[in-house]
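*Asks:* Okay, here's the structure, questions in a sec.
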Amino acid sequence: MKKYIFAFLLLVLLGVGAYFLYPLLAHAPASATSTQTSAPTYVRASANDIAIASPKPDETLGSIVDVSGRARGTWYFEASFPVEVVDDKGAVLGQGIATAQDEWMTEEFVPFTATITLTTPYTGPATLILKKDNPSGESSRDASVSIPVLIQ
């Protein structure tokens with residue numbers, strides 16, 4: 001009989017411990033070895049303004065970077081907008097122009113493509129930056145989306 005009481009008390013104790021520990025363990029930070037993908041960073045913009053199909057965040061790229069996606073017609077000026085790749089210190093490794101692949105004078109999404117050839121030899125983390133074309137030069141109208149990539 002004492003065995004059953006002991007087993008019952010042990011189960012109750014384990015259940016109470018699990019009840020109090022589960023919330024702590026369920027919200028624990030991910031381990032350093034987890035492979036989380038970074039997300040694009042938007043400045044005065046959102047995924048409702050521009051969506052990048054390629055490259056994906058944290059993708060490994062070479063010295064030629066092909067970019068594609070779609071942006072609202074308001075992102076373009078004269079069917080284009082600037083694109084650049086910068087190193088982890090912000091130095092420009094290469095730049096180019098994304099061009100609309102369809103009629104851009106709309107508020108709807110318009111597909112774009114760009115090819116950037118890196119002019120500086122570099123290996124390591126970098127950032128692809130797509131900037132809303134802003135012919136006014138007014139900083140309040142600037143917008144961009146940045147994607148972390150790796151250059152090899």
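Throughout, read-outs are computed from the coordinates displayed, never taken from laboratory work. As the structure is a prediction and not an experimental result, all values here were calculated from the model. Cβ placement follows ideal geometry from the backbone for every residue including glycine, while neighbour counts extend to all protein chains displayed.
*Asks:* Identify the single condition in (1) surrounded by 13 or more Cβ atoms within 10 Å (Cβ to Cβ); (2) under 18 Å from the mean Cα position of the chain (by Cα) that residue 46 does not satisfy, given that it satisfies every other one.
*Replies:* Unmet condition: (1).
*Asks:* Residue 77: without any contact (Cβ under 8 Å) to a residue 60 or more places away in the chain and under 21 Å from residue 138 (Cβ atoms), yes or no? Lay out the reasoning, then the answer.
*Replies:* On the way: without any contact (Cβ under 8 Å) to a residue 60 or more places away in the chain: yes; under 21 Å from residue 138 (Cβ atoms): yes.
It is true that residue 77 is without any contact (Cβ under 8 Å) to a residue 60 or more places away in the chain and under 21 Å from residue 138 (Cβ atoms).
*Asks:* I've got another one for you. Report those strands (runs of 3 or more DSSP E) wholly inside the stretch 63-152 carrying at least 1 residues which are over 21 Å from residue 44 (Cα atoms) and of a type in the set (Val, Ile, Thr).
*Replies:* Details: elements: 64-72, 80-87, 92-100, 109-117, 124-131, 144-151.
Those strands (runs of 3 or more DSSP E) span 64-72, 92-100, 109-117, 144-151.
*Asks:* Also, quick follow-up: Which ones in the stretch 124-140 are loosely packed, with under 12 Cβ neighbours inside 10 Å and either among the charged types (D, E, K, R) or under 17 Å from residue 66 (Cα atoms) (or both)? Spell out how you get there, then give the answer.
*Replies:* Initial filter on the stretch 124-140 (loosely packed, with under 12 Cβ neighbours inside 10 Å): 124, 135-140.
Hit for the stretch 124-140 is 138, nothing else.
*Asks:* Could you list, ordered by first residue, the pairs with Cβ atoms under 6 Å in which the first is in the stretch 125-150 and without any contact (Cβ under 8 Å) to a residue 60 or more places away in the chain and the second is of a type in the set (Lys, Arg) and assigned to a helix (DSSP H, G or I), at least 6 apart or interchain?
*Replies:* 134/141
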